[in-house]
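Here the structure is laid out as structure tokens; the discussion comes afterwards.
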Amino acid sequence: MTEPTDPELRSPRTAPPLVGAARPASVGTRGFLFADLRDYTSYVDTHGDRAAAALLDRYRTSVRSAVALARGAEIRTEGDSFYVVFESVSDAVYCGLAIVEAAGATADGPADPIHVGVGVHAGETIETAEGFVGSAVNIAARLCAEAMAGELVVSDTVRALTRTSVEVGFETGGRPLPRLRDPRRLRLRRPIRLVGTS
């Protein structure tokens, strides 16, 4: 017996996918940024609680200032870690650069330097009452863990999305990952490197 040619008579197994089928309404591509202090525990042990609290306060003020300028939304802060979301991936990258630059600028001043690592990834997530759900968030957190002090680590996805809109140049470095150096920030003791990884 031959298959009916009328689409309405086809079996569900062979029917084409429905156009405009129900999807979660809040799915969207966003930029996700994680920032974390490096060696904070050892700083507490060496300098004491009072100095550590002052360092943490300077760090939080600096990050929140950069997030506000880049139009980000702070989702969660735990200890010395920030989790921020952006509607624009470029804004997430610029915010990461601003965080690293502000932390590096303190190295020339009287205050102790702020050693921070930042990770940025972009992808589709679902917004729920508890926050954003999706692998993009997890990848951004892992990239932050990869970042050394004074480094912004981004995924290849971020690099592909921002390579013509963010004024920085990518290059391959000694590490097994390509890195991006921002030539505008040569006054910093630590060069800013964006490291792309899949």
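Scanning region 34-52 for residues that are surrounded by fewer than 18 Cβ atoms within 10 Å (Cβ to Cβ) and either assigned to a helix (DSSP H, G or I) or of a type in the set (Phe, Trp, Tyr) (or both) gives Thr41, Ser42, Val44, Asp45, Thr46, His47, Asp49, Arg50, Ala51.
Residues in region 147-162 that are loosely packed, with under 15 Cβ neighbours inside 10 Å and either closer than 19 Å to Ala98 by Cα or of a type outside the set (A, V, I, L, M) (or both): Met148, Asp156. When residues in region 79-94 are screened for being assigned to a strand (DSSP E or B) and under 13 Å from Thr157 (Cα atoms), 0 of them pass.
The sole residue among Ala129, Ala92, Ala141 that is modelled with pLDDT under 85 and closer than 22 Å to Thr29 by Cα is Ala129.
Is it true that some residue in region 163-180 is under 20 Å from Arg71 (Cα atoms), at pLDDT 75 or above, assigned to a loop (DSSP other than H, G, I, E, B) and among the small types (Gly, Ala, Ser)? There is at least one residue in region 163-180 that is under 20 Å from Arg71 (Cα atoms), at pLDDT 75 or above, assigned to a loop (DSSP other than H, G, I, E, B) and among the small types (Gly, Ala, Ser).
The values are calculated or read from the model by the stated rules, or taken from the named source; none is laboratory data. What you see is a predicted model; the values in this text were computed from it and never measured. Please note: Cβ atoms are built from the backbone with ideal geometry, for glycine as well, and neighbour counts cover all protein chains shown.
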